[in-house]
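**Q** Before anything else, here's the structure in question.
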Amino acid sequence: MSDGLTPTQVDVAVLGAGIVGTSAGIAARERGFSVVVIDRKEPGSETSYGNAGILSSGSILPLNKPSLWRALPSYLANTSAALRWDPLWVMKNLDWVARFLANAVPSRTRPRAVALHGLIDASLKLHREWIVKAGAPQRIRETGWLKAWRSDGIASAKAEQAFLAEFGIKSELLDRQTISALEPHILPVYKVGLLHSQTASVDSPGAVAKAYAQMFRGLGGEVRQSDIKAIESTGQGSGDHGWRVTLSDGAIAARHVVVALGPWSADILRPLGYRVPLAVERGYHQEFTPNPARSLQRPIHDAEGNFLMTPMENGIRVTSGVELTDRDAPSSYAQLNMVVPLARGVVEFGSAVAEPWRGARPTLPDSLPMIGKAPRHQGLWLAFGNQHIGFTTGPATGSAIAAMIAGETPSFDASAFSPGRYI
Ligand SMILES: Cc1cc2nc3c(=O)[nH]c(=O)nc-3n(C[C@H](O)[C@H](O)[C@H](O)COP(=O)(O)OP(=O)(O)OC[C@H]3O[C@@H](n4cnc5c(N)ncnc54)[C@H](O)[C@@H]3O)c2cc1C
């Protein structure tokens, strides 16, 4: 405990107790480091709380893939449930938009899919191990994830299946009858389905993140609730390095600092001279009272309705598409308002259990996270930018950082995630 004057001294200070930071904390404790994970909120209260809880084996193609070009005209009128954009934000962030689009070409897509496949694979292994160790095995459901088309999506489904198969990722092609057998309580609106059978999901991502934080405490780690104000190098040069983390109620001295602040990560790095091209793809969810006798068995992604619905602990969670605007701009429920009636046309549910939730998917122009050392500072490690799949990839992202701090090689090829590609 800090007295506010003498900083607590640790080996590793992890900034952020989302799924990424909590995972870094666990993996660093497992390697014997003294670790504090700092967050202004309870662990797993922000992006890692409000997501769809899908532990996706097959999300190896990011949003900026070649098919984005075909979809672009449908986004221009700014009325799509899939993607909304704030013209002012686009003007201010033309560089990010141009770089994001430049990655949506075949030659830059396959290498990213290979990199993400390695990260996802490593992370799913950790989730399946940790959720048991954390005493929350009842929260994981090995029922897969159903992507479904209302019109004749057979060509799209087959193309996706063939692509996934190249990576050894299993999926099953379904027709109206087999979809009904799998999801007996939904109306027969879907003509074609693709079941990602190796994908799992959880019934409360926030509760899983909290269980992991509890596991971290059980390993001897400290969780500190405090606002992080700044980080400052205290090293004397030539191999000697150290950091001071200034908090709203004190300070921490650490040999290593891990930045795992999700959509807030770029802010803390700016005073150190790093201009990280991190944008956010905002998204919303709302939860509704289910009819327990007629509920969903698994998450369903409505490919043409552009939404996702999944059974959660507190109700059916409907999540929306992407909104490109400032991280902190006021909420707009236009996309949710479009998709909730569509979801009601698939499965029966009652009134909303709470107000809509808003979150921000942290995304770099190539849709790959940064996992590794800050290029110009010793002992500064970056772990953020996990876009749409950060709940899936959090454990391996955090573990790779802990391995690097310990001088080990991560369990997957992390070279594509090197921070040096942008800063
Ligand atoms: C609608 C939606 C649906 C999604 N669905 C899925 C899904 O199904 N599967 C999947 O894998 N991913 C999904 N994602 C993505 C996933 O949620 C994120 O990529 C992931 O949660 C990011 O985790 P994180 O730890 O990097 O960030 P966060 O969980 O946001 O953690 C960052 C932490 O930093 C803290 N913080 C920030 N600034 C400060 C400060 N100054 N001082 C102290 N603390 C600070 C915050 O309080 C926060 O707890 C979805 C995202 C959205 C928005």
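**Q** Given a Förster radius of 22 Å and the C-beta distance between Arg110 and Ile154 as r, what FRET efficiency does 1/(1 + (r/R0)^6) yield to the nearest 0.05?
**A** After rounding, the FRET efficiency stands at 0.40.
**Q** Given the alpha-carbon gyration tensor of segment 227-276, what are the semi-axes of its equivalent ellipsoid in whole angstrom, ordered largest first, with each equal to the square root of 5 times an eigenvalue?
**A** So the equivalent ellipsoid measures 19, 15, 9 Å along its semi-axes.
**Q** Across all directions of projection, what mean area in square nanometres is found for the Cα convex hull of the chain?
**A** For the chain, averaging the hull's shadow over all directions gives 19.6 nm².
**Q** Which residue, Gly250, Ser226, Thr310, has the largest displacement toward the positive end of the dipole of segment 223-357 when charges sit on each Cβ (Lys, Arg +1; Asp, Glu -1)?
**A** Toward the positive end, the furthest listed residue is Gly250.
**Q** Another question, then. Dipole magnitude of the chain about its Cα centre, charges +1 at Lys/Arg Cβ and -1 at Asp/Glu Cβ only, in debye to the nearest 20?
**A** I would put it at about 520 debye.
**Q** Run the quick spin-label model on Glu129 and Arg270: label points 7 Å from Cα toward the beta carbon, then report their separation in nm to one decimal.
**A** So the label points at Glu129 and Arg270 sit 3.9 nm apart.
**Q** If packing is taken as the average number of other Cβ atoms within 10 Å across a peptide's residues, how do 159-169, 27-37, 319-329 rank, most packed first?
**A** 27-37, 319-329, 159-169
**Q** Hey, if we sort His256, His127, His388 by accessible area with the 1.4 Å probe, largest down, what's the order?
**A** His388, His256, His127
**Q** Could you quote the convex hull projected area for segment 336-423, Cα atoms only and averaged over all directions, in nm²?
**A** For segment 336-423, averaging the hull's shadow over all directions gives 8.6 nm².
**Q** Under the √(5λ) rule applied to the eigenvalues of the Cα gyration tensor, what semi-axes describe the equivalent ellipsoid of segment 112-251? Give them in Å, descending.
**A** 43, 20, 15
**Q** Would you work out what percent of the accessible area of the chain, with all protein chains in place, is carbon or sulfur (probe 1.4 Å)?
**A** 55 percent
**Q** Can you tally the net charge around Asp11? Count Lys and Arg as +1, Asp and Glu as -1, for every other residue whose Cβ sits under 11 Å from the Cβ of Asp11.
**A** With Lys, Arg at +1 and Asp, Glu at -1, the neighbours total +3.
**Q** If the cut-off is a Cα-Cα distance under 12 Å, which aspartates and glutamates reach Lys92, setting aside same-chain residues fewer than 8 apart in sequence?
**A** List returned: Asp326.
**Q** Okay, next question. Rg(Cα) of segment 288-367 divided by 2.2 N^0.38 Å?
**A** 1.18
**Q** Another question about this same structure. Helix-derived [θ] at 222 nm for the chain: sum -39500 (n - 2.57) over DSSP H runs of at least 4, divide by residue count, nearest 500?
**A** It lands at -9500 deg cm²/dmol.
**Q** Could you order Trp96, Trp85 so the one with the most accessible surface comes first? Probe is 1.4 Å.
**A** Trp85, Trp96
**Q** Please list 392-399, 18-25, 365-372 highest first by mean number of surrounding beta-carbon atoms within 10 Å per residue.
**A** 18-25, 392-399, 365-372
**Q** Over segment 100-189, how many percent of alpha carbon pairs lie in each 10 Å bin up to the one with the longest distance?
**A** 12, 31, 33, 22, 1
**Q** In segment 135-157, which residues have a backbone nitrogen under 16 Å from the label point lying 7 Å from Ala165's Cα in the Cα-to-Cβ direction?
**A** Inside the label zone: 154-157.
**Q** With unit charges on the beta carbon (Lys/Arg positive, Asp/Glu negative), name the residue among Gly168, Val35, Pro106 whose Cα is farthest towards the positive pole of the charge dipole of the chain.
**A** Ranked along the dipole, the leading option is Pro106.
**Q** In square angstrom, what is the accessible area per residue of the chain with a 1.4 angstrom probe?
**A** The answer is 40 Å² per residue.
**Q** Name the most mobile residue of Asn386, Asn291, Asn51, meaning the one with the largest mean-square fluctuation, in a Gaussian network model of the chain with Cα contacts below 10 Å.
**A** Residue with maximal mean-square fluctuation among Asn386, Asn291, Asn51: Asn291.
**Q** Also, quick follow-up: Along the positive direction of the dipole of the chain (beta-carbon charges: Lys, Arg +1; Asp, Glu -1; about the Cα centre), which of Trp381, Gln138, Ser23 reaches farthest?
**A** Of the options given, the answer is Trp381.
**Q** Beyond 29 Å between alpha-carbons counts as too far, so tell me which of Lys133/Lys191; Lys133/Lys229; Lys41/Lys147; Lys125/Lys373; Lys133/Lys170; Lys65/Lys125 fall in that bin.
**A** In this structure, Lys133/Lys191; Lys133/Lys229; Lys41/Lys147 exceed 29 Å between Cα atoms.
**Q** By accessible area of protein heavy atoms, probe 1.4 Å, what ranking do Ile131, Ile140 get, highest first?
**A** Result, largest first: Ile140, Ile131.
**Q** Let me check against my output: what whole-number percent is the relative contact order of the chain, with C-alpha pairs under 8 Å and at least 6 apart?
**A** 27 percent
**Q** Within segment 175-195, list the residues whose amide N lies under 17 Å from a label point set 7 Å along Cα→Cβ of Ser295.
**A** Once the point is set 7 Å along Cα→Cβ of Ser295, 183-187 turn out to lie under 17 Å by backbone N, inside segment 175-195.
**Q** Step through the residues of segment 133-138 one at a time and calculate ³J(HN,Hα) from phi using the Karplus curve (6.51 cos²θ - 1.76 cosθ + 1.60, θ = phi - 60°), rounding each to whole Hz and writing x for Gly and Pro.
**A** Running phi through 6.51 cos²θ - 1.76 cosθ + 1.60 with θ = phi - 60° gives 4, 7, x, 10, x, 5 Hz.
**Q** Moving to a separate point now. Want the number for Ser331 to Asp227: 0.36 nm per residue separation, take away the alpha-carbon distance, what's left?
**A** 35.1 nm
**Q** Here's another thing I want to ask about it. Determine the distance separating the Cα centre of segment 9-43 from the Cα centre of segment 97-151; give it in Å without decimals.
**A** 23 Å
The values are calculated or read from the model by the stated rules, or taken from the named source; none is laboratory data. Remember, predicted model here, so these are calculated numbers, not experimental data. As a convention, Cβ positions derive from the backbone with ideal geometry for all residues, glycine included, and neighbour counts pool all protein chains shown. To get the accessible areas, we keep the full protein, side chains included, count just its heavy atoms, and leave off ligands, DNA and RNA. Shrake-Rupley method; radii C 1.70, N 1.55, O 1.52, S 1.80 Å.
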